[in-house]
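Take a look at the structure below.
Values quoted throughout were computed directly from the atomic coordinates according to the rules given, and no laboratory measurement underlies them. Model, not experiment: these values are computed from the prediction. Because the Cβ atoms are built from the backbone with ideal geometry, glycine has one as well, and the counts that use them run over all protein chains shown.
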Amino acid sequence: MKAVYISKPGGPEVLEVREVQAPVAGPGEVLIDVVAAGLNRADVQQRKGFYPPPPGASEIPGLEVSGRIAGFGPGVTKAFSVGDKVVALLAGGGYAQQVAVPAGQVLRIPDGVDLVTAASLPEVAATVYSNLIMTAQLQPGETVLIHGATGGIGTMAIQLAKAIGARVATTSGNAEKVGTAKAFLGADIAINYAEEDFPASLRAQNGGKGADVILDVVGAKYLEQNIDALADYGRLVVIGLQGGAKAELDLGQLLRKRAAIIATALRPRPVAEKTVIMNAVRDAVWPMLTDGRIRPLVAKTFPLAQVAAAHTYFDSGDHVGKVLLVM
Ligand SMILES: NC(=O)c1ccc[n+]([C@@H]2O[C@H](COP(=O)([O-])OP(=O)(O)OC[C@H]3O[C@@H](n4cnc5c(N)ncnc54)[C@H](OP(=O)(O)O)[C@@H]3O)[C@@H](O)[C@H]2O)c1
């Protein structure tokens, strides 16, 4: 089969499409003929040599795919048939024509979503649902601040939070993206972080109150401002470190607000935890996609042979929503 190989750490040019041995489904795994794969920031970090796959995972990049079931390893109890249209959450191996994955991380695609577009869903839906709802316990009527409005995570997080009845504030780096966040994605408050101090701007537009929950993809650079932006009993969930990993923490500020900081990564979680998350996504998020409360957003698709161009585009940051590779 054809798959993407990272020839050495570096820019998009190090991504090569090679002929490699097809995977074999092990115990409890299904084999998928991949139709499309979603790009994620983690793939870029892996390409640069900063984010090696967890032990036992494929060296081939790619954390999410859509496709058709091609076969089963021994002991699969989930009721799938060969040919079923599915999506899968992966620890790696998605930029390929076939992938083997534990059955618990595989779901039938939501009704009303086409098979290519469905590749945009598993990683972002699992990340956003597990962090906003399962971990931070975001409630209807609470205010959530979502950084990175127009990225893959941001576009899903804004829509999901609106769908559950939260008040949504978001940040973006330019006026055009701020406009998209409000007019197209439905954010209640959209802040241009390049021009405004986001904690002050949030409070000014939110009746003097901060955020009950913050979903953060920036990390160290935002730690102090994020704690400033939290309301009493606020929950800051850090899922990305695009602004670094190490910062000074004022515990007094946290203590006065009775606030919490939680940091999570989906990729290294055990299969059992990913299975629980995927089942919750199927039950809670799939109906929102089917009835249109959440629209999957695909910025652009590229054929597998143009994987380097796909990464160049993704690196530019111009995309709104997800970038996909089509096999
Ligand atoms: N922990 C997990 O389990 C998990 C799972 C999936 C993704 N993630 C993380 O989530 C983040 C987003 O992933 P993605 O796939 O959605 O990537 P993406 O589509 O490239 O989106 C990244 C977003 O982050 C914003 N951003 C980047 N650098 C920034 C900075 N220095 N300051 C402020 N905003 C910044 C960008 O907004 P502007 O263009 O407006 O600046 C952009 O909207 C990544 O860090 C990724 O590693 C974590």
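Stretched out fully, how many nm does the piece from M1 to A79 gain, at 0.36 nm a residue minus the Cα gap? Before the final figure, lay out the partial values.
Numbers: separation 78, 0.36 × 78 = 28.08 nm, distance 2.67 nm.
Gain on stretching M1 to A79: 25.4 nm.
Distance between Cα centroids, the stretch 188-214 to the stretch 34-107: provide it in whole Å. For the stretch 188-214 versus the stretch 34-107, the Cα centre distance is 37 Å.
Cross-link pairs exceeding 25 Å between alpha carbons, from the set K85/K182; K48/K182; K246/K300; K182/K209; K85/K162; K2/K85: K85/K182; K48/K182; K246/K300; K85/K162. Ranking L251, A272, F184 by how far each Cα lies toward the positive end of the dipole of the stretch 175-284 (charges on Cβ) leaves A272 at the top. This ranking places M1, M288, M156 by how few other beta-carbon atoms lie within 10 Å of each, fewest first, which gives M1, M288, M156. Model label points for R256 and T290, set 7 angstrom from Cα along the Cα-to-Cβ axis, are 4.9 nm apart.
When the charge dipole of the chain is built from unit charges on Cβ atoms (+1 for Lys and Arg, -1 for Asp and Glu) and taken about the Cα centre, the candidate among F302, F72, T290 whose Cα reaches farthest toward its positive end is F72. Taking T275, T170, T150 as the candidate residues, the one with maximal mean-square fluctuation in a Gaussian network model of the chain, Cα springs under 10 Å, is T275. Computed from label points 7 Å out along Cα-Cβ, the spacing between N174 and E59 is 3.8 nm. Using a 10 angstrom cutoff on alpha carbons, build the Gaussian network for the chain and name the most mobile of A204, A220, A100. In this elastic network of the chain, the residue with the biggest mean-square fluctuation among A204, A220, A100 is A204.
With only Lys, Arg, Asp and Glu charged, each at its Cβ (+1 for the first two, -1 for the last two), find how big the charge dipole of the chain is about the Cα centre; round to the nearest 20 debye. Display every interim value, and only then the final one.
Working: 30 positive and 30 negative charges, 66 e Å.
Around 320 debye, computed over the chain.
Under 19 Å from a point placed 7 Å out from the Cα of A272 along the Cα-to-Cβ direction: which residues of the stretch 96-136 have their backbone N that close? What the label zone holds, given the 19 Å backbone N cut-off, is 102-106, 135. Helices of the chain meeting both criteria, an alpha-carbon length of 18 angstrom or more along the long axis and an average Kyte-Doolittle score not below 0.0, with helices taken as full DSSP H segments, are 271-284.
Segment A245..D283, full-extension length gain: 10.3 nm, with 0.36 nm per residue of separation and the alpha-carbon distance subtracted.
Cβ crowding within 10 Å, taken as a proxy for footprinting-reagent exposure, orders H147, H319 from fewest neighbours to most as H319, H147. Charge tally around L138: other residues with Cβ under 12 Å, Lys/Arg +1 each, Asp/Glu -1 each, net +1.
Of all DSSP bridge pairs formed entirely within the chain, close to 55 percent run antiparallel.
What is the dipole size for the stretch 125-263, taken about its Cα centre, with +1 at each Lys and Arg Cβ and -1 at each Asp and Glu Cβ, in debye to the nearest 20? Each step should come with its number before you reach the end.
Working: 12 positive and 13 negative charges, 58 e Å.
Charge dipole of the stretch 125-263: 280 debye, to the nearest 20.
Residues considered: Q205, Q21, Q306. Largest GNM mean-square fluctuation over the chain, using C-alpha springs under 10 Å, is found at Q21.
Please order L255, L266 by the number of other Cβ within 10 Å, starting at the fewest.
On the way: L255 9, L266 19.
Exposure proxy ranking, most exposed first: L255, L266.
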